[in-house]
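The values are calculated or read from the model by the stated rules, or taken from the named source; none is laboratory data. Treat the numbers as computed from the prediction; the structure is a model and nothing was measured. Note: ideal-geometry Cβ built from the backbone for every residue, glycine included; neighbour counts use all protein chains shown.
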């Protein structure tokens, strides 16, 4: 059982207070930076964290004047609240809009900007896992996990949304989870998801990625066995060094080769992160990607996320850029609670190609986890229990053992576009 979440405990580098219609003061907390390493968070991470913390669930507006509307997630299994930015029709209440828009499909005028998830004690939903993945991705400098903040929510304001989720649920799994959550709201005393005073839920508020789509082919596979047998993972486990020519005869980037290197890096990094975080639910459709443009400019590798039609969106994309799929790790709530697919199926043992930077950052991470202030940070800021921290620490030790023992003996540190092209660090354009 986790330590009780006391709203009066000092935590975070910044806390924004929001008052619910019932007068309950809700907290949006930007976690303190990983101890001693503020540099791992980019300027855009900090800006996005501040945007998330500023979201008022009840009468808020976005920076461009759209209304914030909370809509229960009624598809897939685990319940959560999707945060939408819309222009509410005159006279329409937030709940009325939500009642008519609980499906997965939305018009172009309705943008999902974030998702709020609390833990569910009996299911693969654990908010500290969501927070943990964000900070792990920044330390390892990989994974493309969206920024996340800690957020509390008035139980009384959550109840009508839970009722709506239960009523509109698509499928028995989702309905069962909403039913359980609504019953928990009634007693509001389970410390896994309610504050010590019982007045609020607490969980993770995470930005929604732009341009997300299901990862081609891999998202359709069912189970770790199918993933392990896939041709994509076969390239990650290939016993031969990567010898891909990422440029054609004219010196231009070769899209096929660039995509393959990026995919191998993405998958090996994903397996490592899931091994560390004890992920139990990656291989049930929880693999996503976004399209990015990649090009070389003045000796540096640059990239930019594709947003619709570049011409219409005003994106300046060099003609020599290639368009590839890059993995984004979006569904990360099933860590640290039940099983570890990457470990059970020995996926990390089979990885033969890894980004040298990821490998070296892993070694640094192992050293950091020895420090008492880091253990304390995980519990205060990322809401880990002592057992959660011990699990991550032990998993990191195991991962280092598995990979270090095979370095230069079956593990090649060659899954890097920079290494393949002999150019400088990738920078976002």
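Looking across the range 245-256 at every residue that is touching a residue at least 40 places away in the same chain (Cβ under 8 Å) and not in a loop (DSSP other than H, G, I, E, B), the one that is farthest from residue 297 (Cα to Cα) is identified as 255. Entry remark, the range 114-164: residues being more than 17 Å from residue 185 (Cα to Cα) and out of contact with any strand residue (DSSP E or B) (no Cβ under 7 Å at 6 or more places or on another chain) number 15 in total.
Taken over the range 336-354, residues that are part of a loop (DSSP other than H, G, I, E, B) and either within 13 Å of residue 283 (Cα to Cα) or out of contact with any helix residue (DSSP H, G or I) (no Cβ under 8 Å at 6 or more places or on another chain) (or both) amount to 5. Condition (residue is in contact with a strand residue (DSSP E or B) (Cβ under 7 Å, 6 or more places away or on another chain), under 30 Å from residue 229 (Cβ atoms), at pLDDT below 95 and not in a strand (DSSP E or B)) applied to the range 316-333: is it met by at least one residue? Yes; the residues of the range 316-333 include at least one that is in contact with a strand residue (DSSP E or B) (Cβ under 7 Å, 6 or more places away or on another chain), under 30 Å from residue 229 (Cβ atoms), at pLDDT below 95 and not in a strand (DSSP E or B). Screening residue 383 with (1) in contact (Cβ under 8 Å) with a residue 12 or more places away in the chain; (2) on the phi < 0 side of the Ramachandran plot gives one miss only, at (2). Scanning the range 166-177 for residues that are outside any loop (DSSP other than H, G, I, E, B) and farther than 19 Å from residue 69 by Cα yields a total of 6.
Among residues that are more than 21 Å from residue 202 (Cβ to Cβ) and either surrounded by fewer than 16 Cβ atoms within 10 Å (Cβ to Cβ) or in contact (Cβ under 8 Å) with a residue 24 or more places away in the chain (or both), residue 95 is included.
The conditions of being surrounded by fewer than 20 Cβ atoms within 10 Å (Cβ to Cβ), in a loop (DSSP other than H, G, I, E, B) and either out of contact with any helix residue (DSSP H, G or I) (no Cβ under 9 Å at 6 or more places or on another chain) or touching a residue at least 12 places away in the same chain (Cβ under 8 Å) (or both) are not met by residue 163. Just one residue in the set 347, 336 is on the phi > 0 side of the Ramachandran plot, buried (at least 18 other Cβ atoms within 10 Å of the Cβ), touching a residue at least 60 places away in the same chain (Cβ under 8 Å) and not assigned by TED's automatic domain parsing to the domain that holds residue 142; that residue is 336.
Checking 370, 366 one by one, the residue that is more than 24 Å from residue 259 (Cα to Cα), within 22 Å of the chain's Cα centre (by Cα) and surrounded by fewer than 19 Cβ atoms within 10 Å (Cβ to Cβ) is 366 and no other. When 205, 242, 267, 181 are screened for being in contact with a helix residue (DSSP H, G or I) (Cβ under 8 Å, 6 or more places away or on another chain), within 21 Å of residue 335 (Cα to Cα) and not in a helix (DSSP H, G or I), only 205 passes. Note on the range 50-62: residues that are in a helix (DSSP H, G or I) and closer than 18 Å to residue 153 by Cβ amount to 3.
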